[in-house]
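One structure below.
The values are calculated or read from the model by the stated rules, or taken from the named source; none is laboratory data. Computed from a prediction, not measured in an experiment: that's the story for all the values here. Cβ coordinates were reconstructed from backbone atoms using ideal geometry, including for glycine residues, and neighbour counts include every protein chain displayed. Side chains are part of the model used for accessible areas, which takes the heavy atoms of the whole protein and leaves out ligands, DNA and RNA. Shrake-Rupley method; radii C 1.70, N 1.55, O 1.52, S 1.80 Å.
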Amino acid sequence: MIRDIVIYPDKRLKLISKEVTSFDDELHTLLDDMYDTMISKKGVGLAAIQVGVDIRALIINIPNDDSDEQPKENTLEVINPIFIEKNGIEKHQEGCLSIPGIYEDIERAKHVKIEYQDRFGNKHTIEDDDFLAVAIQHECDHLEGKVFIEKLSFIKRKKFEKEWKKRYKNTL
Ligand code: CO
């Protein structure tokens, strides 16, 4: 089921999400709904808080190179992630379903390794130094109440806020 996406500057995006302790049907339904919601907006990642649930859960599904498909079985479901390695620097263009239509180059670590749990509570590790590393860092920021535009320079941030306000006025 597709859920509503929380749009910037909604205050819920600033919440620090809570650790997941029960890996039950409610969590599974949430993860399934997050997939439907992300696909409906052609996104590649979504954190639970973006559908208004403040728990440490996120999904990532990067389309296959040759097709644009994002089959459900390719979805990486990440619960209670912890960074165990983070190094290098790389710039990548990022966007966010909570800030639709805005794309900016953001500097992050090139390589990350995380420890996390799956929907059943089993522990895993994953590491990457490509676009998945970017997506992991972007989505993990949501769990800390942060959005990517906070990483922009002062000038760029001001420009964004001005544009965003204008856009809001036109749609409301
Ligand atoms: Co985002």
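What the table shows:
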read-out: The range 120-162, residues that are touching a residue at least 24 places away in the same chain (Cβ under 8 Å) and more than 16 Å from the ligand (Cβ to nearest atom); value: PHE120, GLY121, THR125, ILE126, GLU127, ASP129, LYS156
read-out: Residue ranges of strands (runs of 3 or more DSSP E) in the range 1-96 with at least 2 members out of contact with any Pro (no Cβ under 8 Å at 6 or more places or on another chain), open to solvent by less than 30 Å² (accessible area, probe 1.4 Å) and modelled with pLDDT of 95 or more; value: 45-47, 57-60, 76-87
read-out: Sole exception among (1) among the acidic types (Asp, Glu); (2) assigned to a helix (DSSP H, G or I); (3) open to solvent by 70 Å² or more (accessible area, probe 1.4 Å); (4) touching a strand residue (DSSP E or B) at 6+ places or on another chain (Cβ under 8 Å) for GLU163, by number; value: (4)
read-out: Members of the range 97-119 found to be of a type outside the set (Ser, Thr, Tyr), within 16 Å of the ligand (Cβ to nearest atom) and in a loop (DSSP other than H, G, I, E, B), listed by number; value: LEU97, ILE99, PRO100, GLY101, ILE102
read-out: In the range 78-96, the residues that are away from the ligand (no atom under 16 Å from the Cβ) and charged (D, E, K, R); value: GLU85, LYS86, GLU90, LYS91
